[in-house]
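Before any comments, here is the structure.
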Amino acid sequence: MKIGITCYPSMGGSGIVATELGLEMAKRGHEVHFITSNMPFRMREHVPNVTFHQVDVNQYSVFQYPPYDITLSAKIADIINDYDLEILHMHYAVPHAICGILAKQISGKDVKIMTTLHGTDITVLGYDTSLQSAIRFGIENSDVVTSVSNSLKKETYEIINPDKEIKTIYNFVQEANFPQAYNTSLRASYGIEEDEKVVTFVSNFRKVKRVHDVVDTFYKLNQSVKSKLLLIGDGPELQTAKEQIKQLKIEDQVLFLGKQDEVNIFYQMSDLTLLLSEKESFGLVLLEAMLTGVVPIGSTAGGIKEVIKDGITGYTVDVGDVDTASKRAIELLTNNELYQKMQKAMIEDVNKRFASKVIADQYENCYKEMLGE
């Protein structure tokens, strides 16, 4: 098969999954073309059967803003014709599905379109009434539409009400990138003592991530358990978090590590990971941590409760319930038998439900169905 993939090439979950899926398809012998504004984040080295096509957006005086959507559509149309693409896999309904549909019309070719909904196009843009008809158009004019969680699928029907079947295919990450290991030497290099527990929070530090709940949960945990908090990432709420940490007088227990390309090494230092968002379509950082062996506590928002089996592979708590979150954290980090039992169940579960081969098989079967194979 000849597959074109368009995504946001950043470190976000959608870009990571789109890139990993494309690389997996290439390993299976399919011809893959990434058509994006920059080299996708996870494409670190040359892979056979993969071609990257950069979309260059020029500034023209006639336009107030650079015409990204039109430029992208024209570029995709050129790639369809130049390489005889059979499938376009567009990650996000707006703008990418719309661009794919326009590109198909420009090319004049019967290329099939799959659209994957990742969250923001529904949970944020979907609430903008001026965009709802465009999102619905993108969904309904795609040949196949997938969602990264049942929660996101349900929300899509509630907000957008498309006349289209949506299939749930969960996210995945390459297991080789997140080996199970507990790196004591790295902990020591960061000044973490042997008897300290490590809690990790990986985020883009937006309000929806409820960073203040993470800090409050850690503060309550730290009163009972000798521990350190690793804050990984950057964003608008980071300064607010720093001020909160200063007010709570726990600056010595918190490490601000900024943006990191290789988050796996920090998971290898960790005992617990937190994701207490008020909205989360899936929560890819949870899956990355869990594969590495780190037990999670998450909120019940969106797809988090589909990733974590409460009381079995981690814990979920209501959004904003820092008291329960801290109690669960203390319970996990002071009861080694419970922790090991939950960790074992967690690793078995993620390797069964979210294995890269399992998820890639589901996408590949969808591609084949679209082509009538």
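The values are calculated or read from the model by the stated rules, or taken from the named source; none is laboratory data. The structure displayed is predicted, hence computed values, not measured ones. Using ideal geometry, Cβ is built from the backbone for each residue, glycine included, and neighbour counts are taken over all protein chains shown. With ligands, DNA and RNA removed, areas are computed over all heavy atoms of the protein, side chains included. Shrake-Rupley method; radii C 1.70, N 1.55, O 1.52, S 1.80 Å.
Some observations on this one:
- Ordering of 293-304, 129-140 by packing [mean C-beta count within 10 Å, highest first]: 293-304, 129-140
- In this structure, the residue pairs whose Cα-Cα separation is over 18 Å, taken from Lys207/Lys305; Lys167/Lys344; Lys112/Lys164; Lys259/Lys309; Lys197/Lys220, are Lys207/Lys305; Lys167/Lys344; Lys259/Lys309.
- For the range 151-280, the dipole from Cβ point charges (+1 on Lys and Arg, -1 on Asp and Glu) about the Cα centre works out to 260 debye, to the nearest 20.
- Magnitude of the charge dipole for the range 247-361, about its Cα centre and with charges confined to Cβ atoms of Lys, Arg (+1) and Asp, Glu (-1), is about 260 debye.
- Residue (of Leu238, Gly293, Leu338) at the positive-pole extreme of the range 228-345, dipole from beta-carbon charges: Leu338
- Förster radius 25 Å - calculated FRET efficiency between Lys259 and Asp128, Cβ distance, rounded to 0.05: 0.30
- Considering only Thr146, His89, Ser107, the residue lying farthest towards the positive end of the dipole of the range 81-152 is Thr146, judged by Cα position with unit charges set on Cβ.
- In this rough spin-label picture, where each label sits 7 Å from Cα along the Cβ direction, the Asp195-Asp82 distance is 6.4 nm.
- Per-pair calculated FRET efficiency, R0 = 30 Å: Ile312 and Thr184 via Cβ, rounded to 0.05: 0.60
- For q = 0.12, 0.13 Å⁻¹, Debye-computed log10 I/I(0) when each Cα of the chain counts as one equal scatterer: -0.91, -1.04
- Formal net charge of residues neighbouring Arg353 (Cβ-Cβ distance under 14 Å; K, R +1; D, E -1): -1
- When a 1.4 Å probe is rolled over the protein heavy atoms, the share of accessible surface on the chain that falls to carbon and sulfur comes to 47 percent.
- Each Lys and Arg adds +1 at its Cβ and each Asp and Glu adds -1 at its Cβ; summed about the Cα centre, the chain shows a dipole of about 280 debye.
- A DSSP coil position with no more than 10 other Cβ atoms inside 10 Å describes the following GluC sites (Glu not before Pro) in the range 161-252: Glu165, Glu193, Glu194.
- Total formal charge among the other residues, if their Cβ is under 14 angstrom from that of Gly191, Lys/Arg +1 and Asp/Glu -1: -3
- With protein chains left intact and a 1.4 Å probe, residues in the chain average 43 Å² of accessible area per residue.
- FRET E, pair Asn58, Asp252, Förster distance 45 Å, beta-carbon r, rounded to 0.05: 0.35
- Farthest toward positive dipole pole in the range 1-114 [+1 Lys/Arg, -1 Asp/Glu at C-beta], among Ile3, Val55, Pro67: Ile3
- Estimated distance in nm for a label pair at Thr324 and Tyr157, the labels positioned 7 Å out from Cα along Cα-to-Cβ: 2.6 nm
- Cα gyration tensor shape of the range 147-253, rounded if a/c is under 1.5, else prolate or oblate by comparing a/b with b/c: oblate
- Cα gyration tensor, the range 269-369 - rounded (a/c under 1.5), prolate or oblate: oblate
- Difference of contour (0.36 nm per residue) and Cα-Cα distance, Ala176 to Glu140: 9.3 nm
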